[in-house]
Amino acid sequence: MPQIQVLPPILRNKIAAGEVIERPASVVKELIENSIDARSTDIRIEVLYGGKRLIKVSDNGMGMDKGDALLCFERYATSKLLNEEDLFHIKTMGFRGEALPSIASVAKVKLVTAPQGRYQGISIEIQGGEVKTVKDSPSIGTTIEVRDLFFNTPARRKFLKAHNTELFHIIDRVTEEALSYYEIGFSLVSDNHETMRIPVASSPRERILQIYGDEFLEGLIEIDTQAADIKMNSFIAKEGNVRNSKAYQFIFINKRPIRNSSITHAVYSAYEGMLPQKKHPVFFLFLTIDPGMVDVNVHPSKREVRFENKETIYYFVQSSIKEALPQVPPHIPYGSTSTSPSVISEALDLGYKPCLSFIYLGDAFIAFSNREGLTLIDQHAAHERILYEKFLRGADINSHRLLFPKQMRLSHKEYHIILQNRTSLRDFGIEVDDFGQDTVIVRSLPEVLREADIRGILSDIASCLIEGVAPDKELREAIAAKIACHQSVRGKTILKQEEVSQLLSDLQDCLHPNNCPHGRPTRIFLSLEDLKKMFKRT
Ligand code: ADP
Ligand code: MG
């Protein structure tokens, strides 16, 4: 027979910690949110070894008196909820009373705090959930130090990644909170270097500018919309300002950073017809909704919410964004055919001639015919393939030192990873130097990237480095693909005759001319036979 036991508090907290505290970044998030709830205006975060050795968060908020300081490590101890009614009108970031006991059960914690206006406070040390020392101590605001996370749960410690990866997660969390709480100043010091310093701002717009720089902000449209119970201030990508990753997509509900597939879908659907395949829009949505209509008590990490009126929010977001974007002409479908055209065979001689006659279909496809049939080229995909192979071979890169080096502000994460991979970039003819304050200076560029959106390229390369492509060869391929992709999708250039001939012969010279580096076809061939079948002449 099973013997049922009520688990002791230390074990209960360890179980809760499993849900709330996944990695150092989760500790950072919880501590920052506590400082926010304590009405701080200045939050400092310090970490060692990606937060694995130390996470220290200091604030200038309202602090705690001795009684509260001793109570705050108890499970379900919170100052943010009084009754059931409050649970459905949450206005604070925390409310579950779980974070501090969870953290204290899996780390060595020291809390120093004093109530506002009283310098005399208390210092408490607690290890693996057991209080070790309690002393009087002066303090302004609250400082919490969390050392050796998961020191007593080796199974969890094992899952922690390299220092850098953990640091990137921390940077993400700080960035997210800072985007939302623009009225608070944040700083992050990692291994004794100041990684982020974000002074108090006066609007979300100014905050985005502080974090990502003015060039980034210029690529966005700000929109303010309002409906019965919803308000939205958002910053969305202008048409054509697309990324290869979803790294710049943020949704905040009543200042809480959340993930929500329905709202994300609403955004993508507003961009319908404007997004090339596998491209993603940048967006920052700050939604304000009556707290009574959002349930934030869905998950311990509070990353998800449930809406009372999901559809209304979906259409509100979709239409707000759609109205701000240029209208896309409706798509006219052609008669469908059961015969799919054959992708060009490599052996086929296209007979490219210098005075080749071709026509443009739209601004991306080039069509030309010869004796065997009709060839359709996707100009961008073809260009991408050519550039990709060029970069991979390292041939004809022709890197030039810029007369006027370009200064470029990146996000904190991008800045770190780009500087760490300077040598790999040099192989591609891109030379960057550290300029401090999240800024790099681009000194040399390959000829073909002269006119390119180099910031976009660096940020795409950074996201591919962050996502991780381990072996050396793959990394080269990934970087080459990012560069090629960025350069070739830019602008709607209509090529001249010689350029088309050049494109075709360069494509023909490629090792794998039929597909772009992402696998999309570069050229499609319809033989006379195919055409006959389509017209049902066989
Ligand atoms: P919750 O935030 O859900 O209430 P926590 O375990 O994170 O639960 O914190 C417990 C309580 O400790 C909070 O409700 C708050 O009263 C107090 N507290 C935690 N951090 C701070 C801080 N930085 N400043 C003032 N009070 C704090
Ligand atoms: Mg909390």
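Along the charge dipole of the stretch 190-232, pointing to its positive end and built from +1/-1 on Cβ of Lys, Arg, Asp and Glu, which listed residue (T225, H193, Q210) has its Cα farthest out?
T225
Loop-only GluC sites (Glu not before Pro) in the stretch 187-280, please: DSSP not H, G, I, E or B, and at most 12 other Cβ atoms within 10 Å.
E272
Could you tell me the relative contact order of the chain? Use alpha-carbon pairs under 8 Å, at least six residues apart, and round to a whole percent.
Relative contact order for the chain comes out at 12 percent.
Please label the shape of the stretch 18-129 as rounded, prolate or oblate, based on the square roots a ≥ b ≥ c of the eigenvalues of the alpha-carbon gyration tensor (a/c under 1.5 means rounded; beyond that, a/b larger than b/c means prolate, else oblate).
rounded
Sum up the charges of everything whose Cβ sits under 15 Å from the Cβ of E529, counting Lys and Arg as +1 and Asp and Glu as -1, but leave E529 out.
+3
What is the stretch 179-295 by shape, rounded, prolate or oblate, if you read a ≥ b ≥ c off the alpha carbon gyration tensor as root eigenvalues and call it rounded for a/c under 1.5, prolate for a/b larger than b/c, and oblate otherwise?
oblate
Cross-link list K278/K532; K231/K279; K278/K482: which exceed 24 angstrom alpha carbon to alpha carbon?
Pairs exceeding the cut-off: K278/K532; K231/K279.
Taking the Cα centre of the chain as origin and charging only Cβ (+1 Lys, Arg; -1 Asp, Glu), how large is the dipole, in debye to the nearest 20?
860 debye
Using the crude model of +1 on Lys and Arg Cβ and -1 on Asp and Glu Cβ, and no other charge, please compute the dipole size for the stretch 112-151 relative to its Cα centre, in debye to 20.
140 debye
Express in nm, to one decimal, how much length is gained between E308 and K406 on full extension, taking 0.36 nm for each residue of separation and deducting their alpha carbon distance.
30.4 nm
What is the stretch 1-136's relative contact order, in percent, from Cα pairs under 8 angstrom and six or more apart in sequence?
23 percent
Please state the shape class of the chain: rounded when a/c is under 1.5, otherwise prolate if a/b exceeds b/c and oblate if not, all from the C-alpha gyration tensor.
Prolate shape, in that a/c is at least 1.5 and a/b is the bigger ratio.
Determine the relative contact order of the stretch 111-190: mean sequence separation of Cα pairs under 8 Å and six or more apart, normalised by residue count, in whole percent.
21 percent
In what order do C485, C510 fall by count of nearby beta-carbon atoms within 10 Å, going from fewest to most?
C510, C485
Taking neighbour counts of Cβ atoms within 10 Å as a proxy for exposure, in what order, fewest first, do T264, T538, T195 appear?
Ordered by Cβ neighbours within 10 Å, fewest first: T538, T264, T195.
Report, ordered by chain and residue number, the aspartates and glutamates lying within cross-link reach of K322, taken as a straight Cα distance under 17 Å and ignoring same-chain residues fewer than 8 apart.
Straight-line reach from K322, under 17 Å: E222, D224, E239, E272, E311.
Around H280, under 12 Å between beta carbons, what's the net of Lys plus Arg minus Asp minus Glu among the other residues?
+3
Within 14 Å, Cβ to Cβ, of L419, how many net charges do the neighbouring residues add up to if Lys/Arg are +1 and Asp/Glu are -1?
0
None of the figures in this text is laboratory data; all of them are computed from the coordinates on show. If you're wondering where the values come from, they're calculated on a predicted model, not measured in any experiment. Note that each Cβ is placed from the backbone with ideal geometry, even for glycine, and that neighbours are counted across all protein chains shown.
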